[in-house]
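Inspection log for the structure reproduced underneath, given as structure tokens.
Throughout, read-outs are computed from the coordinates displayed, never taken from laboratory work. Fair warning: this is a prediction, and the values are worked out from it, not measured in the lab. Cβ placement follows ideal geometry from the backbone for every residue including glycine, while neighbour counts extend to all protein chains displayed.
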Amino acid sequence: MGSDEAHAAGRGGDPAGVRRTPRGLVHALRRPTRLVPRTRWLFLVFAVLALLMSLPGPLAVAGSVTLPAVLAAAAVLVTSWVHAYLTGRESTLRDLADCLAITTFTLCCPAPAMVFSITFCSLWFHAVHSTTRRGLLRCAAYAVAVAAALPLWGFVPGHAPSTQAAPVFGTAPVMLLTFVVVRVLALGMFARERAAQRDALLMASGTRLLGMTDVARIAEEGVANSQALCGTTPGLRSLAVRVQDGSAAVVGVAGTFALAPTHLPAAVVPVGLLPGVAAPVLRTAELDAAAGEVCAWVCLDLPEVDGVSILLGAPGGLEPEVVVSFQSLANQVALAVDKAEVHRLLSVQARTDALTGLTNRAGFQELLATSVAEGGVLALLFVDLDGFKSVNDRFGHAAGDELLRQIAARLREVTRPQDACARLGGDEFALLLRGVSAEEAAAVGRRVVELASRPVQLERGAVHVGASVGTAHATVAVDPQVFLDRADAAMYAAKTAGKGRVGVFGEAAGGPALAGAPVLTGGPGARTTAGA
């Protein structure tokens, strides 16, 4: 039995000294629903009832001196128990007051043995609050408190000059044995409560993690869940580390540390970690210094998360169930990261043209809408190949597909990293350029015409195609579909004018720009320039 989890999972948690209203006090003393708080409440009730059932004896023989003394002793004991229950903390001052009250109560009883029903219930009550060491000290203190009444027995009015000491000393070992039994049961109850808390945390975290698709948020959730798991077991600490450049960078901290480290020697992470296996940490000096006490440390591999490992430590050793809980959390995080990667790949595939690898129509429309909403200067180029159908009919669809792939590669040459290039379907392509003028967009269009007109080498020989390009320019907010239609209209104007040309929307031939011009179909408002 270690000096550990006295404060684990209990009702008590109110700071000492908190003032309560009578209504709040009544509410705080209601019967709880959880196992550990309910057991503490039950032992409190037993202790108070034992005290009330023991009062008739001393009250029956009480005189003017012993009556106020026995009532004061009873009040001190009840106040001490209730305060311990409400705060969930032990106090040396309260223990001294209890011992003095027990001595006083013993002196007021017709026989010293009558006080043992109170001491037994008090020990049971404190067994689910304090540590094992403190409980053993309390057993000895209670025995001393009762024994202290023996030499004072004859000085109390109405008592015989002396009393038998054998019943008092004979009961002390039984009192110790009773505490040991109750403490063992309490430790088992604490372990069961902690296991239930860990299971509930893991169930909730698994649900949240599976609903996440952002790896950064998954990592944050993993750290938060590690902190919550550490909170269920007193003294438990965890560090998430990533070994790189000869050191272990700390990327997550949970639990209490005297000085949380940011870097550790790479040697703290055992070599040859296996997924799902807890390996003992051999180099612990730096970890113990960070924790502020000597701990037992193990290391878990965090699969699928860039070589991150989890270091777990606790004084006196780690419960196997705790390690299993962290392994489950690590698996949850790995599964969530895998799912997020699958989601990312599916999202990319849903927005990617399978033939050319360019963005597809749906992805381009989404990107166009986002870019328009963000504002800024945008230019849109609509590209339609000239002569593609004849190549497709003559050489077959496989040759047509290869032609489209090579044209797509050429279109990538004219775009920058901040631009977008898409295949809208068939032999139609679109380019979205950011931060360029209308003249620069037209120059890019002429470059597209030039590249598309170069021979394309296919398996069955070289073929020639061309391209008609339409451009539209926007410096203010515009409807994305209208923007696309303008570039499409300019492209048709170029195709009507003889193909292999660039049509520019919004500028009449030889005249000024037409602000807000309607969508064009090749008539006035679209200017064509011969391709270079």
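None of 364, 326 is aromatic (Phe, Trp, Tyr), assigned to a helix (DSSP H, G or I) and over 24 Å from the mean Cα position of the chain (by Cα) except 364. For the stretch 63-80, filtering for residues that are surrounded by 14 or more Cβ atoms within 10 Å (Cβ to Cβ) and more than 23 Å from residue 95 (Cβ to Cβ) leaves 2. Out of 386, 401, one residue alone is acidic (Asp, Glu) and touching a Ser or Thr at 6+ places or on another chain (Cβ under 8 Å). It is 386. Against the list (1) over 30 Å from residue 93 (Cβ atoms); (2) out of contact with any Ser or Thr (no Cβ under 7 Å at 6 or more places or on another chain); (3) free of Cβ contacts under 8 Å to residues at least 60 places away in the same chain, the condition residue 152 fails is (1).
In the stretch 25-46, which residue that is over 33 Å from the mean Cα position of the chain (by Cα) and β-branched (Val, Ile, Thr) is surrounded by the most Cβ atoms within 10 Å (Cβ to Cβ)? My answer is 45. Close contacts from the stretch 310-333, counting a first residue that is under 11 Å from residue 205 (Cβ atoms) and a second that is acidic (Asp, Glu) and in a loop (DSSP other than H, G, I, E, B), with Cβ to Cβ under 9 Å and a gap of 6+ residues or different chains, come to 333/304. Applying the criterion of at least 2 residues that are among the β-branched types (Val, Ile, Thr) and buried (at least 21 other Cβ atoms within 10 Å of the Cβ) to the strands (runs of 3 or more DSSP E) found wholly in the stretch 398-510 leaves 466-474, 501-505.
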